[in-house]
Amino acid sequence: MTFKIIVCAKQVPDTNEIKIDPVTKTLIREGVPSILNPDDANALEEALRLKEQYADTHVTVITMGPPQAKDMLIECLAMGADEAVLASDRALGGSDTWATSNALSAVIEKLGGYDLIFAGRQAIDGDTAQVGPQIAEKLGIPQVTYVQECKIDHEMKNITVKRALEDGYEVVKIKTPCMLTAIKGLNKPRYMSVRGIYESVKSDIKTWGAKELGLDADREVGLDASPTNVYRSFTPLPKGKGTTIKAESEKETAQKLLVGLKTRHVI
């Protein structure tokens, strides 16, 4: 029986190249290169490692975005994924995390059957870390977030996960089907192979819109259906230059610091 893995990925703008328009306070996207979201690359890599470890494993990558998101899916196929699906439609534009998870869970249900779903912890253009968990909730399956290590038994039923915490980690055991969201420490994503690039360019990528997915464009997806709205984006003002205190001893340094703080009415 085929073990089916679905990887949720996103094409994002390279945040190293993003600037904010000082007048409109919005992101300047023109001319900014798009990349595979880094955490999603780790999710895909883990799926591909399982495919190499266990025979008869099928990896499908899904995404929601504009038509050019196909370029990212081709990259995923060139890395080793078996299939790719794009949810693309004007009706999906402007979706927040809630609406996006509606669309992606609809894609997963339309694919029909899965054993394991991987997603990145969060996307670098939003940093919400909400879409993966929301998909799991809508599909009614268990989830583990911030996965830094995972092992699955030979029966492909039980998974042992190391989940990263601020001060360490916790070990969680979970049964398939389930959702796991990956962090950078999980693995090191591979490069595309030459053969993979050649074959993926010729691949047929399924593209489904809101109607094909059975979604209500007014209530489930799109800007109007999204309860979250971004008021504005801005670059924080740079902090002023700090003050260096020079003195002969620690006591004198403390005295000068105390005087300086009192002068500025800090204390």
Add +1 for every Lys or Arg and -1 for every Asp or Glu among the other residues with Cβ under 9 Å from the Cβ of Val7, and state the total.
-2
Förster-model FRET efficiency, 41 Å R0, Glu212 and Thr15, C-beta, rounded to 0.05:
0.80
Given a 10 angstrom Cα cut-off, can you work out which residue in Gln255, Gln148, Gln11 is the most mobile in a GNM of the chain?
Gln255
Consider the candidate values (1) 20.7; (2) 19.1; (3) 20.2; state which one is Kirkwood radius over Cα pairs in Å computed from the structure displayed.
(1)
Test of understanding: what is the full-extension gain from Asn158 to Ser203, defined as 0.36 nm times their sequence separation minus their Cα-Cα distance?
12.9 nm
In sequence order, calculated HN-Hα J values of segment 142-152 (Karplus, 6.51, -1.76, 1.60; Hz; x Gly/Pro)
x, 9, 9, 9, 6, 7, 10, 6, 8, 9, 10
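When the dipole is taken about the Cα centre of the chain, and only Lys, Arg (+1) and Asp, Glu (-1) are charged at their Cβ, what size is it in debye, to the nearest 20?
Details: 34 positive and 37 negative charges, 189 e Å.
I would put it at about 900 debye.
Work out the FRET efficiency for Arg232 and Gln68 from their Cβ-Cβ distance, taking R0 = 30 Å, and round it to the nearest 0.05.
Values: r = 26 Å, r/R0 = 0.86.
E(calc), rounded to 0.05, equals 0.70.
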By average Cβ neighbour count within 10 Å, what is the ranking of 232-245, 153-166 from highest down?
153-166, 232-245
With label points set 7 Å from each Cα along the Cα-to-Cβ direction at His265 and Val194, the distance between them in nm comes to 7.1
Could you give the length gained on full extension between Leu223 and Leu258, defined as 0.36 nm per residue of separation minus the Cα-Cα distance, in nm?
7.3 nm
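With a 1.4 Å probe and every protein chain left in place, work out the accessible area per residue of the chain in Å², rounded to a whole number.
Counting only protein heavy atoms, the per-residue value for the chain is 61 Å².
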At R0 = 35 Å, FRET efficiency that the Cβ-Cβ distance of Lys184 and Ala247 yields, to 0.05
0.25
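What is the local net charge at Gly222, summed over the other residues whose Cβ is closer than 12 Å to its Cβ (Lys, Arg +1; Asp, Glu -1)? Let's see the in-between values first.
Numbers: positive: Arg90, Arg219; negative: Asp89, Asp96, Asp216, Asp218, Glu220, Asp224.
That sum, taken over residues with Cβ under 12 Å, equals -4.
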Placed amide H near Ala129: partners under 5 Å, 5+ positions off or other chain:
Ala123
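State the percentage of accessible surface on the chain attributable to carbon and sulfur atoms; use a 1.4 Å probe and exclude ligands, DNA and RNA. Can you show the working numbers first?
Numbers: 8330 of 16160 Å².
Result for the chain: 52 percent of the exposed heavy-atom area is carbon or sulfur.
For the chain, calculate the relative contact order in percent as a whole number, restricting contacts to Cα pairs under 8 Å that are 6 or more residues apart.
Details: 505 pairs, mean separation 63.4, N = 267.
24 percent.
The values are calculated or read from the model by the stated rules, or taken from the named source; none is laboratory data. Keep in mind the model is a prediction, meaning the values are calculated, not measured. So basically every Cβ, Gly included, is an ideal-geometry build from the backbone, and we count neighbours across all protein chains shown. Accessible surface areas use protein heavy atoms only, side chains included; no ligands, DNA or RNA. Shrake-Rupley method; radii C 1.70, N 1.55, O 1.52, S 1.80 Å.
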